[in-house]
Structure formats: structure tokens, C-alpha cells
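These notes concern the structure reproduced below.
No lab work stands behind these numbers, since they all come straight from the coordinates. This one's a predicted model, so the numbers in the text were calculated from it and none came from an experiment. When we count neighbours, we look across all protein chains shown, and the Cβ atoms used for this are built from the backbone with ideal geometry, even at glycine.
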Amino acid sequence: MTKRPRLSFWQIWNMSFGFLGIQFGFALQNANASRILQTFGANVEHLNWFWLVAPLTGMIVQPIVGYYSDRTWTRLGRRRPFFLGGAILTSLALIAMPNAPHLAGFIAPMFIGGGLLMIMDASINISMEPFRALVADKLPEEQHTLGFSVQTMLIGIGAVVGSWLPYILSNFFGFSKVAAHEGEVASNVIWSFYIGAIVLITTIVWTVASTKEYPPHVYEDEQKEKTEGNKKFFIPKRMIQLLLVQFFSWFALFSMWVYTTPAIAAKFYGTTDPNSLSFQEAGDWVGILFGVYNGVSAVIALTLPLIAKRVGKRGTHAIALTIGGLSFLSITLFSNATWLIVPMIGIGIAWGSILSMPYAMLASAIPPKQMGIYMGIFNMSITIPQITNGVFGTLLFNHVYGKNPINAIVAAGICMIISAITVFFVDEKRMS
């Protein structure tokens, strides 16, 4: 079989550098979308409906982008045109979202914000899916874990800065953390989104300019060798086995993104009023906490290949998910928001593994020529649990969580531990 040449660390870094910018924008969205939507008038029990747009657009967009990126060939290659197009659209959405009140005519800013959230998610997915496929395109199997781990490290770096930026701008550069008028977004958040747009475009252009792709015949030759005697399209057994693992871990993550800000505002800052100073301070602190877990994921990412060599990819992922689940549960034990940094370290370990280990386990089981479409299909294992959480979120919030967002965080911990158990049903043997 045709053998991919090994790439240096910096070649792998360059080909994944755009992911830093994507995650910079994604982190701004994750840490600030709930409070922006609440500022625009959304109720906490309905936040899950707005957050549904992320997995819904991902489920639709990623398989389509994967399919067409497998069949595209231009002067920029087959993956890079999608990087660039998605980055331009995401940057425009980042600039527009915090300015929704100024765009409102006959539609409430809350719904304009929700629509821009959908556009942003669709655009991020256009760029994100081909990055996963590019690692498997360019690297030999023995470097897959390293490749996805470098991506995770860059995701962590981008997410740390993106998550912390509103706090930094307000506390060190004098930007206001309270809006000039009720129903508008504070200037520290607005300028964070502007900076995120610039960073995203810059990093994507770096990857497009510094990375070359193999010509189409390389994948065609490999496809013939790998699928000789088996011409049918098939779903790899390992992909099916990973579905439960993905379901429970991403169900937990969706709860964290939706409910952390209102949970911390209510439990540690004593407020549910999204226009109050205390609520905005809670939102800024959530940005710091999200930056912590993303920063830990960046650090842990480069240790994952070493751990996987000792205990296997499956064992590594199970340990990380267990640590993450226990960390979610421990949040209820703290009475001071400052100490929430401790459980965020454990959540960061789980997040680093979630972003790399399932892809590393899956990549060797996928036909090379169809890497994009398979990665797009596998993305449904991320979107379906989030959609499920979003659809039933209001029911769960009112009747299971007792209208207390901190109970949603506890449920996330339980789901993460269940995910760790299901990892052991994944066959780790090498597939040809």
C-alpha cells in the first residue's frame, strides 16, 4: 500500500494552525452566546432551543462539505477552499452577532441573534470538517494520534484566548462590561468578537498558504489498494461502536455550554437578572473558567500520544472521561466561584481527549479517498446528542433539574461517566 511520508512537528502545526482561529471564534460563542441571548430577552429555560442551531447546522453542513471536499480539486487543493470560504462567513457573523440590536427593524434582537448564531455555526462547520479530514489525508497512520493531538493543542490555545478576551479587555484595557443601554451588549464583548474575526481570517490564511495537499491520484491509488475485493460503501464497525461514547460525552458538553453561565450566576453571584452587573461579572468569570479547561486541553494534548502508547487509545479516553465526569459532579461541593478552576482542570483533560482520541481511533478504519464524507457522517455522533439535549432540554430543565441550572451540570457529570464505561465496547484492534 502507498505509504504517506512522515511530517515534521512544524509541518503538522502549520496544517492545523487555522484550527486555532476557528476555535477562537467558537470559544467566544460558547462562553458568551447564552448571556448575549439572555440580554436580548431569552429566558433561561428556552436557551437550549437557541443552542439547537449549532448541532442542527453541523449535522446538515458537515456531511455535505465532506462529500464535496472529497470531490473538489482546485489550485488550492480540495480541503483548503472550504477553510477559506468558511472563515470569511464566520468572521462576518462574529462582527454582526453582538450588534443584533442595531440590526433590528421588525424582528426582535433575540431572533436576529439566534439567526446569526445559526449562520456562525454553519460557517464554522464549513471550515472545521475539512481540517479533520486533512490530518488523515496527509499523515501516515502512526502519526494520526499526534496529528489530532496537535489540533487539540491549537484548539486549546485559541479557546483560552477567546474565552478570556472579554475579561482581559474590561479589566486591563478599560472596556465597559456593562452595556450603555439595556438590551445591548457590553463593549468588552463586542470588541472581543471583532478581534476574533481578525484572528480567524489570519490563521486560516496561514494554513492555506503554508500547506500543500496531495494530488487526487494518490487517494485513488490508495483507495484501489485498500478496498480491493470490497467495492461497496460501508460504515466501519468502529464508527458504530463509538456512537454511544460520543452520545453521552457530547450530551454532557451541550449542557455545560448552555447552563454554566446561569448556573454560576445563580449559585455564586446570587442573581438571575442578565442585565445586572453581577450577572455580567459571572459571564466574564465563566469565560475565564472555559479558558482554563481549554488551556488544560492544549497542555494535555501532547501527552495523549505518550499515554496511548502505554494504555491504548481506548484506555486513555476512558480515564480522561472519568476524570471529566467526576469534575462536573464536584462543582456542587464548592462555595466560592474562584475554586471552580479546580474542576475545570479535570474537564479540560476530558475535553482534550474528546477532541482527539475518537478521531485517532477512527481514522485508520476509513477509506482514504472518502475521508471527508466519512468524517462528515461521524460528525453526526456529535450533533445528534446535542440535538437530543436541545429538544428535550426544556422538559428536563423544568421537571428533572427542578428549574435549577446547577442540576444540569450534575447530569452532565453522570453522562460523562457513562461515556467512559461505553469506551470499553470499542474494538481497538487495527483494521486494514
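At a glance:
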quantity: C-alpha long axis of helix 109-138 to longest principal axis of the chain, angle in °; calculated: 20
quantity: Debye equation applied to the C-alpha atoms of the stretch 28-184, log10 I(q)/I(0) at 0.14, 0.16, 0.19, 0.20 Å⁻¹; calculated: -0.83, -1.01, -1.24, -1.31
quantity: Cα-based Rg / Dmax (Å) for the stretch 261-396; calculated: 17.9, 54
quantity: Distance in nm between pseudo-label sites at ILE198 and PHE173 (7 Å out along the Cβ direction from Cα); calculated: 0.7
quantity: Within the chain: Cβ-based charge dipole about Cα centre, in debye rounded to nearest 20 (Lys, Arg +1; Asp, Glu -1); calculated: 1280
quantity: Candidates LYS212, LYS369, LYS267, ranked by Gaussian network fluctuation over the chain, Cα under 10 Å, top entry; calculated: LYS212
quantity: The stretch 1-148 - charge dipole about Cα centre, Lys and Arg +1 at Cβ, Asp and Glu -1, debye rounded to 20; calculated: 580
quantity: Quarter of the Cα convex hull surface for the stretch 352-416, i.e. its orientation-mean projected area (nm²); calculated: 5.3
quantity: Residue-averaged [θ]222 nm for the chain, counting only DSSP H segments that reach four residues, each worth -39500 (n - 2.57); calculated: -25000 deg cm²/dmol
quantity: Angle between the chain longest axis and helix 237-268 axis [Cα atoms, degrees, rounded to 10]; calculated: 20
quantity: The chain, relative contact order in percent, only Cα pairs under 8 angstrom and at least six apart counted; calculated: 29
quantity: Ratio of Rg to Rh over the stretch 9-425 (Cα coordinates, Kirkwood Rh, two decimals); calculated: 0.96
quantity: Alpha carbon convex hull of the stretch 276-338, volume per residue in cubic angstrom; calculated: 89
quantity: On Cα atoms only, tilt of 341-354 relative to the major axis of the chain in degrees; calculated: 30
quantity: Separation of the LEU333 and ILE421 label points, Cα + 7 Å toward Cβ, nm; calculated: 2.1
quantity: Among PHE148, PHE26, PHE172, residue whose mean-square fluctuation peaks in a GNM of the chain (springs only between Cα atoms under 10 Å); calculated: PHE172
quantity: Mean projected area (nm²) of the alpha-carbon convex hull when the stretch 135-206 is viewed from all directions; calculated: 6.4
